[in-house]
Amino acid sequence: MNNKLKLAAMDFSGQIFKWTLWYLPIMLIIYILVSIFINEQDINEMSFYAMALSANEIFMLVAGILSVFMFLELSVSLGLTRRTFLRAMLLTGGIITIALAAMTGIISVIMNFMPWFGGSIVVGDLESGPLVHILGHLLTTFTFFLGGFIISIGFYRGFLGGMISIVLSLCILVAIDSLWMWQTRGTVFDIDVTPYASGNLFMTIVFSLFLIFFTVAILQSLIRSVPVKVK
Amino acid sequence: MKNSLLEIKNASLDIKKDNVLEDITLKMEQGKVYGLLGRNGAGKTTLLSLIASFRKPTRGSITIDGQDPFENETLMPQVDFLYEVDYSEEYRTPMDLCKLTKRYKNNFDLDYAKTLFEGFGITHDKPINRMSKGQQAAVNAIIGLASNSPITIFDEVTNGMDAPSREYFYQKVLEANARNPRTMILSTHIVSEMEYLFDEVIIIHHGRVLAQEPLDVFLERGFKVTGPEEKVARFTHDMDVLASQNLGPTRSDMVLGRMDEVQQAEARSSHLNISSLKLQELFIRMTEEKESVQ
């Protein structure tokens, strides 16, 4: 890894990390309010981690959508190539995905010590084991970041490109989400598929990685010679 | 003889169906200050963005020391492109930006940047979005001057600056180039103020290069004849007159072209006053929308 790539990954991660320091406390406040004021057993037993799962994915999608508009012009102005920019953003996505999951987990553990808050993740998830669950969450969240990144570069190139990138991104996100729902809960689009088939962890990981590489290849082709707009 | 650093050969750029730049050929050397002039929409910023690898030409080539800078990890940091930026969402301070630039551009001189902040009279620890437009322009100018990049491009960087700040910037451009010779490209609409900075002038019009010449050679392209109306009219009768001005019985004609010895003698015998044109006058006349001028 060259020095510029390291620097860029550190700088981008630092910036997006600052956004997480806004996002997580807001999520925590929502969780506390929901736990205190809504009197439903499922919700009262739910951990912070369980509640923040989907929100983390949306956060990473938004971070991806902002990425090109926030960092591309600055990067090229600082003499970074588009290739280095892309690699730095991929590293950033990975770092933030892990950091966000870790912080969410730590907050969840701390909240679990308090008697007013629940500790359950999701019933179905317990069957597949915590490691599989964490792996699925990390891969899905990272793909959400990549999906946002595709939308970002699509709209940066133009309105039509943006609309096409939304469709493409949706297909990728639905695919990875369905893969892991099938793997961890045995459902696809909320339909119970366990009587017909069960998920194969190895194949789920292989397909997830294939989807990620496919998305990165699209990103590479879209960003290779993208014009940086001035004024 | 200095090495040729930056070469643009037959570069064209199409954006969608528009032919924004057409067949641009330019050569720029280290240690010289180039004035890039053109009317609004002529393609100045687009040309500069090609040099800075913000865009790739549709046809033709751009090379720095013989290599294409586009996506070149070594050459891209050698070019600094400063232009008017919307800083309304920029919460960092000017010093933060300088330190960020220093991280990526080893030649950036942080101490010199601090001296320039004092010279411009602006504080470097206030968020940029809370600064005036002129102060923000000065921040851009400081980053460009302190970067010491071999190719430094200022695109209308003095927009919004007050007169003392502009004057200070002009001094520092000359000083910076003397300290650390580089290729400086200044794109501006304030031609009259910046004329003395330019070693060479590049005029771009409707996406094409109209001229690239040393300033003194360029200014010899035309002259001004002043004197009694009838005598001036007779003298310039067969010449390419760009514009005429009358003040009472006195007439002043701006003429494109050079005088031969016979014409010089005739002007002397007719007691006509011959003076050189200002860059701004020549630029305005050359880019006026008249078929005869082009």
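Values quoted throughout were computed directly from the atomic coordinates according to the rules given, and no laboratory measurement underlies them. Here the structure is a predicted model, which means the values were calculated and not measured. Glycine also receives a Cβ, built like all others from the backbone with ideal geometry; neighbour counts cover every protein chain displayed.
What to note about this one:
- Rounded to the nearest Hz, the phi-derived 3J(HN,Hα) couplings of segment B:131-145 under the Karplus curve 6.51 cos²θ - 1.76 cosθ + 1.60 (θ = phi - 60°) are 8, 6, 4, x, 5, 4, 5, 5, 4, 4, 4, 5, 4, x, 5, where x marks glycine and proline.
- Residue ranges B:76-87, A:153-164 sort as B:76-87, A:153-164 when ordered by packing (mean number of other C-beta atoms within 10 Å per residue, highest first).
- Ordering B:Ser276, B:Ser12, B:Ser149 by the number of other Cβ atoms within 10 Å of each residue's own Cβ, fewest first, gives B:Ser276, B:Ser12, B:Ser149.
- Within 10 Å of each Cβ in A:73-85, the average number of Cβ atoms from other chains: 6
- Diffusion of segment A:57-124 by Stokes-Einstein, at 25 °C in a medium of 0.890 mPa s and with Rh set to the Kirkwood radius over alpha-carbon pairs, works out to 169 µm²/s.
- Averaged over B:45-56, number of beta-carbon atoms from partner chains that fall within 10 Å: 3
- When Rg and the Kirkwood Rh are both derived from Cα coordinates, the Rg/Rh ratio for segment A:3-223 amounts to 1.00.
- Normalising by residue count, segment B:1-131 has a Cα convex hull of 161 Å³ per residue.
- Segments B:39-46, A:202-209 sorted - mean Cβ within 10 Å per residue, highest first: B:39-46, A:202-209
- Calculated P(r) of the protein assembly as shown - Cα pairs past 30 Å, %: 61 percent
- Rounded to the nearest 10 degrees, the inclination of helix B:94-104 to the longest alpha-carbon principal axis of chain B is 80 degrees.
- Residue-by-residue Karplus 3J(HN,Hα) for segment B:244-250, coefficients 6.51, -1.76, 1.60, Hz, glycine and proline x: 10, 10, 10, 9, x, x, 9
- Ellipticity estimate at 222 nm from DSSP helix runs (n ≥ 4, -39,500 (n - 2.57)) divided over the protein assembly as shown, nearest 500: -17500 deg cm²/dmol
- Sparsely packed GluC sites (Glu not before Pro) within segment A:7-105, loop by DSSP, other Cβ within 10 Å at most 16: A:Glu40
- DSSP bridge analysis restricted to the protein assembly as shown gives an antiparallel fraction near 65%, rounded to the nearest 5.
- Of B:Lys44/B:Lys172; B:Lys16/B:Lys133; A:Lys229/B:Lys16; B:Lys32/B:Lys133; A:Lys4/B:Lys126, pairs whose Cα-Cα distance is over 21 Å: B:Lys44/B:Lys172; B:Lys16/B:Lys133; B:Lys32/B:Lys133; A:Lys4/B:Lys126
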